1. What are the pairs, 6+ residues apart or on separate chains, where a residue within the stretch 166-193 that is on the phi > 0 side of the Ramachandran plot and surrounded by fewer than 23 Cβ atoms within 10 Å (Cβ to Cβ) has its Cβ under 6 Å from a residue that is not basic (Lys, Arg) and not in a loop (DSSP other than H, G, I, E, B)?
2. Might you let me know whether the stretch 137-148 holds any residue that is in contact (Cβ under 8 Å) with a residue 40 or more places away in the chain, farther than 16 Å from Ala179 by Cα and in contact with a Ser or Thr (Cβ under 9 Å, 6 or more places away or on another chain)?
3. Could you grab me the full set of residues in the stretch 309-344 that are of a type outside the set (S, T, N, Q), more than 23 Å from the chain's Cα centre (by Cα) and over 30 Å from Asn425 (Cβ atoms)?
4. Across the stretch 391-416, what is the number of residues that are hydrophobic (A, V, I, L, M, F, W, C), part of a loop (DSSP other than H, G, I, E, B) and at pLDDT 85 or above?
5. Out of the stretch 224-256, which residues are surrounded by fewer than 15 Cβ atoms within 10 Å (Cβ to Cβ) and closer than 22 Å to Glu193 by Cβ?
6. Being in a loop (DSSP other than H, G, I, E, B) and closer than 29 Å to Asn129 by Cα is the requirement here; does Tyr201 meet it?
7. Read through the list (1) under 19 Å from Pro203 (Cα atoms); (2) in contact with a Lys or Arg (Cβ under 6 Å, 6 or more places away or on another chain); (3) in contact (Cβ under 8 Å) with a residue 40 or more places away in the chain, then give the number of the only condition that Tyr389 fails.
8. Given the condition assigned to a loop (DSSP other than H, G, I, E, B), farther than 24 Å from Ile121 by Cα and either among the aromatic types (Phe, Trp, Tyr) or not assigned by TED's automatic domain parsing to the domain that holds Asn129 (or both), answer yes or no: does some residue in the stretch 175-195 qualify?
Amino acid sequence: MRTLERMTWCLIAVLLISPTSWAQDRGAGREAAAKRLVGAREAMQERLRAIRLSRSNLDRSLLKLQSHLQQAHQTGFEGDNYVSLIPLVTNENGARTNVGLNNFSRFSVRKGADPVASVVIQLRDPSGNLDREGVFWVRSNEMRQINRIMTALPPVDGGGAATTGWLLIWSDEPITAWASVILDRVHNDPAVELAIADQIYKPAAYVESTGTPSNPLLIQSSVKAGSFKSRLAVVNIGSGTGTLRIKLYDRTGRLQRTLPPVDVGKFGMYVNNDIRSTVPETWGQIIIEVDYPDEYDGEPLIIATSLVESTTGPFAGFFPAFAMPRSNTPAIAGIWEGRVTGEIMNAQVRVTLYQERDMLYGLLEILRGTFPTVNRQFLIRGAVTNGTYELEVRDFFDDCPTRGAPCVFFGFRLFASSINGGAMNGDTIYFDGNDRFDKGGFSLTRVGAIYPPRRAE
């Protein structure tokens with residue numbers, strides 16, 4: 001009980017410091033990964049400072065960069081705050097890749113209204129080496145397209161040889177980015193690839209496109225049949241080497257082949273231009289697992305994409321990978337009902353619980369009984385973390401009526417260490433700005449689906 005009390009007060013102290021802190025990642029593995037990645041990010045920032053502030057070569061290919069240096073000195077360039085990643089660009093066999101940048105920022109606390117974004121694009125080769133880089137400016141609300149990105153970027157010393165790679169995009173204002181890969185020179189049909197935002201500190205349950213040793217990546221479909229084939233690109237954006245294990249499934253979900261493991265170093269890339277060549281005339285999903293090699297040198301973190309293409313025509317399209325939940329995460333979406341109890345509460349409640357991978361959200365309703373708030377419906381959010389279940393009320397203020405009385409700040413959280421069949425039991429914490437505090441418990445039972453069967457018309 002004392003352990004629970006200490007944990008309770010720690011949670012309250014954290015919330016009082018920052019109302020959003022509970023939404024940050026509490027997975028020990030991911031926090032450790034984030035800390036290890038800080039060094040790598042700082043090294044990259046040092047590289048960017050060198051690009052922006054110390055280049056002096058007036059070669060024609062660097063005139064744009066030199067112009068940026070002058071602007072940086074004049075405006076006191078602060079640094080970059082946003083990172084995007086494009087997993088695959090190529091100009092092999094007559095292909096070409098165009099890149100688009102969209103600056104959707106309309107106001108910046110540093111630059112004011114309609115800020116111009118300063119963007120650095122780095123091309124890295126499959127070994128992780130920096131091959132080319134350049135600086136671009138994108139006005140507020142502008143879409144800027146850079147054609148043939150593989151040659152539009154000036155080569156760095158010793159670089160310029162990469163024909164396939166990936167892009168690391170830094171900017172001082174929020175942008176979105178995309179790539180248009182054109183394989184067919186006759187029809188010029190593009191396959192569009194959306195950039196992935198860097199998600200290093202994003203709460204683990206909300207990560208959509210990054211794979212870790214705990215969360216593999218899924219490519220939803222791939223093919224090796226007739227004139228169609230799939231190529232696969234996997235990039236390690238982590239701070240250390242990762243061992244990839246790629247599993248090919250058929251459309252029924254049967255595992256067909258596990259490819260030999262391959263190590264991919266920091267910022268390195270794995271590319272297979274015909275990923276299902278060992279299982280011809282099949283199609284199905286791909287699962288990409290990453291693990292630590294025998295000698296640990298940092299935390300691997302992967303992104304991936306698959307390009308389905310026709311060998312006889314202009315047809316191609318990307319299947320971006322998305323992060324799968326942990327293997328022990330059950331499906332728990334539905335309607336849950338039961339009681340919340342404590343010294344100042346004893347109420348019958350209903351929880352409408354939605355689920356996306358390890359992410360939980362929905363609605364908490366107080367049906368009847370005693371509960372210390374005026375409001376009786378609250379939006380909730382939460383996560384599945386290492387087999388435990390956490391939920392909290394998203395509405396931080398209660399009783400905000402039109403009569404002008406001040407709102408009451410409050411917090412209410414539920415924690416369950418496990419789920420037993422269709423029952424979820426655990427502890428609750430409540431506190432508010434009126435100095436009320438309660439430690440209690442809850443017991444919920446799943447009673448049905450969110451969307452019941454429709455009646456026959």
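1. Listed by first residue and then by second, the contacts come to Asn188/Ile182.
2. Among the residues of the stretch 137-148, at least one is in contact (Cβ under 8 Å) with a residue 40 or more places away in the chain, farther than 16 Å from Ala179 by Cα and in contact with a Ser or Thr (Cβ under 9 Å, 6 or more places away or on another chain), which makes the answer yes.
3. So in the stretch 309-344, the residues of a type outside the set (S, T, N, Q) come out as 309, 313-326, 330-340, 342-344.
Going one step further and asking which of them are more than 23 Å from the chain's Cα centre (by Cα), we end up with 309, 313-316, 334-340, 342-344.
The answer is Glu309, Gly313, Pro314, Phe315, Ala316.
4. The qualifying residues number 2.
5. Ser227
6. Values: in a loop (DSSP other than H, G, I, E, B): yes; closer than 29 Å to Asn129 by Cα: yes.
The answer is yes for Tyr201.
7. (2)
8. No, the conditions are met nowhere in the stretch 175-195.
The values are calculated or read from the model by the stated rules, or taken from the named source; none is laboratory data. Quick caveat, the model's predicted, so the values are computed rather than measured. With ideal geometry, Cβ positions are generated from the backbone for all residues, glycine too; neighbour counts draw on all protein chains shown.
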